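*Asks:* I'd like to ask you about the structure that follows.
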Amino acid sequence: MNGPRRVGLLDYGSGNLHSAAQALRAAGAAVVVTSEHDVLLRQDALVVPGVGAFAACITGLEAVGGRELVADWVSSGRPLLGICVGHQVFFERGTEHGVDTAGLGLYPGTVEQLPVRRLPHMGWNTVEVPPDSRLFDGLAGERFYFVHSYAALAAPPDALATTARHEDQEFVAALERDNVASTQFHPEKSGAAGARLLRNWLAS
Amino acid sequence: MSVALRVIPCLDVHDGRVVKGVNFQNLRDAGDPVELAASYSAAGADELCFLDISASSEGRATTRDMVQRCAETVFIPLTVGGGVRAVEDVDSLLRCGADKAGINTGALARPGVIDEIAARFGNQVLVLSLDARREPGMPSGFGVTTHGGRKSAGRDAVEWAREAVDRGVGEVLLNSMDADGTTDGFDLEMLRAVRKVVDVPLIASGGAGTAQHFVEAADAGADAVLAASVFHYRTLTVAQVKEALRAGGHTVREGVVA
């Protein structure tokens, strides 16, 4: 490949755009932040960020045609990365305060509130990485920055799952399947470990 | 394994510059904020807290510009407090690269603003910055203060922490105005009193003088420990604090990839 990897960062009104864009640039990518499909579809790779509530993020995504964009992108075979709520919306459903919201359905299963005493799960936690992970290459034993109260408790059977634990509850920390990858934690806020993970992803 | 105890250097910012001073008097310029932030991050800080003490809206705008430059080079969580009164204030801080907003006087003046901010951005974005001191007559013995501890807000500190969490703050930054500036150690009594009523992460602040003080705060139930002067004056490094915490049986973030 010639020149830096061109990454599209989907802007649908969710937080952390600035941080994600800067971290990707620091990892060597040329980043464009937009909701314009024709611009995004010309990039080499796509990132879906997300902060806040599942339902609010889905509403924001739908307002910019995110469902169609992500579906088209997945079938194009090019790399896709979801971060935090961007990871959560890749699941079939999200349940918040008893209200079910349809996700993008790339993964089977539901995102729900962690059944633990202390929420949000906030801070630097360790992860259990499967041996074949490319995303976590060189990152054994590192901690990543999490801040969330909701998560997928069960991993899709056909994806490579990295897990983490808060109190006694195990949950999905990251997934890799074909050209789709996603993390519950924030690689853009995880210092040198997060930077290495983003470089690993850009090299995929 | 579990979440690591966070060590958080705090930087006082005035018109976009990091300053040192005692009780906001005799402010001295303490160097380039972005360089300072980067050096704390390289030293192993788990998060950074900026407290904006600018009085004017121009000063706050300059500070936001500084936070933006910081977020371009420092890839750990950034909390920014000072002057947050409405949803739009949090929005503008997030847009310039802050991950969390600290709220203090704005929430005391109108508690409902917590609900509004949490509904828009989620609980995790909002930190209650609680300046408290011993106040006879308050049910818990601790009262909320404003104006750097000089004025009583007429509210019980423990009760206010509980209400703020119920309304939707995702974290409580407890600053003891009795301990602040003493370097005699964190206010463990106050810390335990607030820990009893809140399940969200609790950050201990005020009074740090030695590495052992941080261990005591962790033992008393803090999820994170924050300090300004011991780091600025190089009395302690972040690494020394983490070493003491580790020796005291607490989990800290260690390995940093090349």
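The values are calculated or read from the model by the stated rules, or taken from the named source; none is laboratory data. Only a predicted model underlies this, so the values are computations on that prediction, with no experimental measurement involved. Neighbour counts are summed over all protein chains in view; Cβ atoms, including those assigned to glycine, are modelled from backbone coordinates with ideal geometry.
*Asks:* Exactly one condition in (1) away from chain B (no Cβ under 14 Å); (2) surrounded by 24 or more Cβ atoms within 10 Å (Cβ to Cβ); (3) over 22 Å from B:Val3 (Cβ atoms) is not met by A:Ser75; state its number.
*Replies:* That leaves (2) as the condition not met.
*Asks:* Here's another thing I want to ask about it. Applying the selection to the range A:110-157, what residues are more than 10 Å from chain B (Cβ to nearest Cβ), under 30 Å from A:Val99 (Cβ atoms) and within 17 Å of the chain's Cα centre (by Cα)? Quick ask: steps written out before the conclusion?
*Replies:* Here is the first cut: in the range A:110-157, the ones more than 10 Å from chain B (Cβ to nearest Cβ) are A:110-115, A:129-137, A:151-157.
Narrowing the set further to residues that are under 30 Å from A:Val99 (Cβ atoms) leaves A:110-115, A:151-157.
Of everything in the range A:110-157, those that are more than 10 Å from chain B (Cβ to nearest Cβ), under 30 Å from A:Val99 (Cβ atoms) and within 17 Å of the chain's Cα centre (by Cα) turn out to be A:Thr110, A:Val111, A:Glu112, A:Ala151, A:Ala152, A:Leu153, A:Ala154, A:Ala155, A:Pro156.
*Asks:* In the range A:162-186, how many are within 13 Å of the chain's Cα centre (by Cα) and either surrounded by fewer than 19 Cβ atoms within 10 Å (Cβ to Cβ) or more than 9 Å from every other protein chain (Cβ to nearest Cβ) (or both)?
*Replies:* Here is the first cut: in the range A:162-186, the ones within 13 Å of the chain's Cα centre (by Cα) are A:162, A:172-177, A:179-186.
Filter again for either surrounded by fewer than 19 Cβ atoms within 10 Å (Cβ to Cβ) or more than 9 Å from every other protein chain (Cβ to nearest Cβ) (or both), leaving A:162, A:172-177, A:179-185.
Here the count works out to 14.
*Asks:* Please determine whether any residue of the range A:111-123 is of a type outside the set (Gly, Ala, Ser), at pLDDT 95 or above, assigned to a loop (DSSP other than H, G, I, E, B) and surrounded by 15 or more Cβ atoms within 10 Å (Cβ to Cβ).
*Replies:* Looking for residues that are of a type outside the set (Gly, Ala, Ser), at pLDDT 95 or above, assigned to a loop (DSSP other than H, G, I, E, B) and surrounded by 15 or more Cβ atoms within 10 Å (Cβ to Cβ), one finds at least one in the range A:111-123, hence yes.
*Asks:* Confirm whether B:Val165 is within 29 Å of A:His97 (Cβ to Cβ), assigned to a helix (DSSP H, G or I) and more than 14 Å from chain A (Cβ to nearest Cβ). Don't jump to the end; show me each part of the working.
*Replies:* On the way: within 29 Å of A:His97 (Cβ to Cβ): yes; assigned to a helix (DSSP H, G or I): yes; more than 14 Å from chain A (Cβ to nearest Cβ): no.
Here the answer is no, as B:Val165 does not meet what is asked.
*Asks:* Related question: Which one of these does B:Leu93 not meet: (1) within 12 Å of chain A (Cβ to nearest Cβ); (2) in contact with a Phe, Trp or Tyr (Cβ under 9 Å, 6 or more places away or on another chain); (3) within 30 Å of B:Arg162 (Cα to Cα)?
*Replies:* It fails just one condition, (2).
*Asks:* crowded, with 24+ Cβ neighbours inside 10 Å and farther than 24 Å from B:Ala179 by Cβ - does that describe any residue in the range B:137-148?
*Replies:* no
*Asks:* Continuing with this model, one more query. Say we look at the range A:21-49 and pick out the residues that are facing another protein chain (nearest Cβ under 10 Å) and surrounded by 22 or more Cβ atoms within 10 Å (Cβ to Cβ); which of these is farthest from A:Val64 (Cα to Cα)? Don't jump to the end; show me each part of the working.
*Replies:* To start, the set of residues in the range A:21-49 that are facing another protein chain (nearest Cβ under 10 Å) comprises A:21-23, A:25-27.
Now restrict to residues that are surrounded by 22 or more Cβ atoms within 10 Å (Cβ to Cβ): A:21, A:23, A:27.
Values: A:Ala21: 19, A:Ala23: 24, A:Ala27: 27 Å.
Across the range A:21-49, the extreme among qualifying residues is A:Ala27.
*Asks:* For B:Lys196, indicate whether it is closer than 26 Å to A:His148 by Cβ, of a type outside the set (Phe, Trp, Tyr) and over 19 Å from the mean Cα position of the chain (by Cα). Outline the logic, then answer.
*Replies:* Values: closer than 26 Å to A:His148 by Cβ: yes; of a type outside the set (Phe, Trp, Tyr): yes; over 19 Å from the mean Cα position of the chain (by Cα): yes.
For B:Lys196, the condition - closer than 26 Å to A:His148 by Cβ, of a type outside the set (Phe, Trp, Tyr) and over 19 Å from the mean Cα position of the chain (by Cα) - is met.
*Asks:* Return yes or no: is B:Gly255 over 26 Å from B:Asp29 (Cβ atoms) and modelled with pLDDT under 95?
*Replies:* yes
*Asks:* Can you run down the residue pairs with Cβ atoms below 8 Å, 6 or more apart or on separate chains, where the first is in the range B:54-66 and among the hydroxyl-bearing types (Ser, Thr, Tyr) and the partner is in a helix (DSSP H, G or I)?
*Replies:* Going by the 8 Å Cβ cut-off, the qualifying pairs are B:Ser54/B:Arg60; B:Ser54/B:Thr62; B:Ser54/B:Thr63.
*Asks:* Of all residues being acidic (Asp, Glu) and over 17 Å from the mean Cα position of the chain (by Cα) in the range B:152-181, which is farthest from B:Phe121 (Cα to Cα)? Just the residue, please. Break it down into steps so the answer makes sense when it comes.
*Replies:* Within the range B:152-181, the subset acidic (Asp, Glu) is B:156, B:159, B:163, B:166, B:171, B:178, B:180.
Subset that is over 17 Å from the mean Cα position of the chain (by Cα): B:156, B:159, B:163, B:166.
Values: B:Asp156: 27, B:Glu159: 24, B:Glu163: 19, B:Asp166: 16 Å.
In this case the residue turns out to be B:Asp156.
*Asks:* Residue check: is A:Val48 modelled with pLDDT of 95 or more and more than 16 Å from the chain's Cα centre (by Cα)? Give the steps one after another, and end with the answer.
*Replies:* Numbers: modelled with pLDDT of 95 or more: yes; more than 16 Å from the chain's Cα centre (by Cα): no.
Judged against the criteria, A:Val48 is not a match.
*Asks:* Could you tell me whether the range B:114-128 includes any residue that is away from chain A (no Cβ under 14 Å), out of contact with any Phe, Trp or Tyr (no Cβ under 8 Å at 6 or more places or on another chain) and modelled with pLDDT of 95 or more? Explain how you work it out, then say what you get.
*Replies:* Just the residues of the range B:114-128 that are away from chain A (no Cβ under 14 Å), to begin with: B:114.
Right, trim to out of contact with any Phe, Trp or Tyr (no Cβ under 8 Å at 6 or more places or on another chain) and you get B:114.
From the residues that got through so far, the ones that are modelled with pLDDT of 95 or more too are B:114.
Yes, the range B:114-128 has at least one match.
*Asks:* Looking at the range B:1-101, what helices (runs of 4 or more DSSP H) fall wholly within it and have at least 2 residues that are of a type in the set (S, T, N, Q)? Walk me through how you get there before you give the answer.
*Replies:* Numbers: elements: B:33-42, B:57-73, B:87-95.
Output list reads B:33-42, B:57-73.
*Asks:* Being at pLDDT below 90 and over 23 Å from B:Phe186 (Cα atoms) is true for just one of B:Asp32, B:Asp65. Which residue is that? Full working, then the answer.
*Replies:* Details: B:Asp65 fails: at pLDDT below 90.
Just one listed residue meets the conditions, B:Asp32.
*Asks:* While we're looking at this one, here's another question. Kindly establish whether B:Thr251 is of a type in the set (Val, Ile, Thr), more than 18 Å from the chain's Cα centre (by Cα) and surrounded by fewer than 21 Cβ atoms within 10 Å (Cβ to Cβ).
*Replies:* Values: of a type in the set (Val, Ile, Thr): yes; more than 18 Å from the chain's Cα centre (by Cα): yes; surrounded by fewer than 21 Cβ atoms within 10 Å (Cβ to Cβ): yes.
Yes, satisfied.
*Asks:* So which residues in the range B:102-119 are within 21 Å of A:His121 (Cβ to Cβ) and part of a helix (DSSP H, G or I), if there are any at all? Spell out how you get there, then give the answer.
*Replies:* Let us first name the residues in the range B:102-119 that are within 21 Å of A:His121 (Cβ to Cβ), namely B:102, B:114, B:117-119.
Across the range B:102-119, the qualifying residues are B:Ile114, B:Ile117, B:Ala118, B:Ala119.
*Asks:* So, one more: Please count how many residues of the range A:89-109 are within 12 Å of chain B (Cβ to nearest Cβ), assigned to a loop (DSSP other than H, G, I, E, B) and in contact with a Phe, Trp or Tyr (Cβ under 8 Å, 6 or more places away or on another chain).
*Replies:* Here the count works out to 0.
*Asks:* Provide a single number: the residues in the range B:84-113 that are touching an Asp or Glu at 6+ places or on another chain (Cβ under 8 Å) and modelled with pLDDT under 90.
*Replies:* 2
*Asks:* Condition first: at the interface with chain B (Cβ under 8 Å from one of its Cβ atoms) and either in contact (Cβ under 8 Å) with a residue 40 or more places away in the chain or in a loop (DSSP other than H, G, I, E, B) (or both). Now tell me which residues in the range A:192-204 satisfy that. Step through it out loud before you land on a result.
*Replies:* Kept after step one, since they are at the interface with chain B (Cβ under 8 Å from one of its Cβ atoms), are these residues of the range A:192-204: A:192-196.
Selection gives A:Ala193, A:Gly194, A:Ala195, A:Arg196.
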